[in-house]
1. Could you give me the ³J(HN,Hα) list for segment 342-356, computed from phi with Karplus coefficients 6.51, -1.76, 1.60 and θ = phi - 60°, whole Hz, x at Gly and Pro?
2. For all pairs of alpha-carbon atoms in segment 1-147, what percent lies in each bin of width 5 Å, listed from the first bin to the last filled one?
3. Do the alpha carbons of any pairs in Lys50/Lys114; Lys334/Lys370; Lys234/Lys303; Lys50/Lys106; Lys322/Lys370 sit beyond 25 Å of each other, and which pairs?
4. Rank by packing, highest mean first: peptides 282-288, 147-153, with packing defined as the count of other Cβ atoms within 10 Å averaged across residues.
5. Under the classification rounded if a/c is under 1.5, otherwise prolate if a/b is larger than b/c and oblate if not, where does segment 351-445 fall, given a ≥ b ≥ c as square roots of the Cα gyration tensor eigenvalues?
6. ³J(HN,Hα) across segment 364-374 via Karplus (A = 6.51, B = -1.76, C = 1.60, θ = phi - 60°), whole Hz, x for Gly/Pro?
7. How high is the FRET efficiency between Met409 and Glu326 when r is their beta carbon distance and R₀ equals 25 Å, given to the nearest 0.05?
8. State, to one decimal in nm², a quarter of the convex hull surface area for the C-alpha atoms of segment 286-417, i.e. the direction-averaged projected area.
Amino acid sequence: MSPAPELPATPDPRRAEQNIREMGLRIIMRLSALIRIGRAYQVGNQIFTKQILSFLDAARGVLADAEEVVLVSLETDLYLNGFRIPIRTANLRFHQTVLEEFRRRKIAGIRIEKGVEPLEVENFFVFFMRPDVYYGTSMLEACLAAGIDRMLPVIHASTEAPESEFFDGERDPERDAKPEEDTWGAIPEKPEPETQSRMPRGASHKSYRIAMLGTRSLLATTSLSAGIELRHAKRVVQPLVDGAFDKEPVVVGLTTLGHHDEYTYAHSVNVCMVAVTMAHALGLDRRALADLGVAALLHDVGKNAVADLIQRPFDEFTDDEKIAAERHPVEGAKLLARTTTLNPTTLRCIRVALEHHMYPAGDGYPEAPKGWSTSLLSRIVTVADCYVSLQTYRSRHGANVTPYQALGMMLGPMRASFDPVMLWALVQTVGLYPPGQVVVLENGYIALVLSPNPQDLERPHVRVIARADRRRLTPEEPSEYRPIPSELNVGRALRAEEYPEEPEGEAAA
């Protein structure tokens, strides 16, 4: 009789947690040594490079079992992938050094992805070792501009609870093998790598990507224990506030991301971008724009509380799913009230979370009490949220809605649902032919709208991408019109039904 086969040992979660903590001790020791050597030797020096390799070896101990290393600080503690690193006598000075260096740079920590190479780590430390020049979002921006994407600063360590919609923890391989159908109606055509959003040409890729990474960091990077700190959220929205003052074109990032959480980040950033630029058109100052940006970024946080009750796309909801979905504004307000310190900014965020689906016509949710008047910030976010939602695959019926069509629906059959002043601000923000829209000029040329023309909303700035016979332009032919010259007789003859489905000879609406 042969012996019974041995059963595989059940992994001990306590042992795995202890291993993470021990690897955390090694990482902070190597990072502290790397910083100390960096003060005496320039980046690129052989001695400095040797320290980089030692630090990378320590990080790879974690990357062997995880997709990323996230080392962050919270008050006086350091956390590695959500686990607190213990403070011992032998590592106290390393611990204090790393905490102080993060504070000097106004960052929460660092994030390293699997596949990072020594050269990319070295390039990261070119910026990290100059805290007088690069700190906070400026360090993140510099890294991205240099093409560094596998080792980046973490602007804020999230304190969301594990297992939430925004938690970026270990995933189920079987679930990730096929694209998910977003339970809020985002129907992906095919999966794409996380954090990769496709934006039409003419968009401000840098500001959008910085905000995407910051939002992901704010809502997802690590899971700690306290509440959302709005001062960190203001850092996330700062690039979008700056973009409004720099008059960067507002182009909604149309995404076919396969993961629900990544869709959530993109939707939040898009709504924030549109809302902040609308508010700038209305004359709000920087401080008000920052508060609005935070409120717009967090307007849908209540969806996590009801996500488990929804299994179908937006346009296929059962009655129970519809009731659950309409509860998310109340849940969002409750979440913000529980997890943030109450102050004027928090109260504005709570109102926006509660009110962004309260339409003036009375057909929104939750039903407003008699005499209730929604706040200015809520009315702005209501319009921005609808404009973004119409374009970002919220339902199967809306999967091909263009920016022009979305604007037309809001100015047409849906106009009673919105404050007329906010619709005016939206038109001032995106023009009558929104950026990212493909149009056909009267002379038959195909062009892409780059940005609205403040002097004439019917004549946006465009880039010609093909001739009337569908052939590419020659280098000698003009490619951009800012604004479209009237002598070319094309100023008022844009037709904004997206090519190639538009019939020949039809005038613009």
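The values are calculated or read from the model by the stated rules, or taken from the named source; none is laboratory data. Everything quoted here is computed from the prediction, not taken from an experiment. Here Cβ is always computed from backbone atoms with ideal geometry, including for glycine, and neighbour counts include all displayed protein chains. In case anyone asks, the SASA skips ligands and DNA or RNA and just uses the protein heavy atoms, side chains included. Shrake-Rupley method; radii C 1.70, N 1.55, O 1.52, S 1.80 Å.
1. The phi angles translate into 5, 7, x, 5, 4, 5, 5, 5, 4, 5, 5, 4, 6, 9, 5 Hz.
2. 2, 9, 17, 21, 21, 13, 6, 3, 2, 2, 2, 1, 1, 0, 0
3. Numbers: Lys50/Lys114 20 Å; Lys334/Lys370 21 Å; Lys234/Lys303 21 Å; Lys50/Lys106 27 Å; Lys322/Lys370 23 Å.
Pairs exceeding the cut-off: Lys50/Lys106.
4. Descending packing order for the listed peptides: 147-153, 282-288.
5. prolate
6. In residue order, the calculated couplings are x, 8, x, 5, 6, x, 4, x, 6, 10, 5 Hz.
7. 0.75
8. Taking a quarter of the hull surface, the average projection is 8.9 nm².
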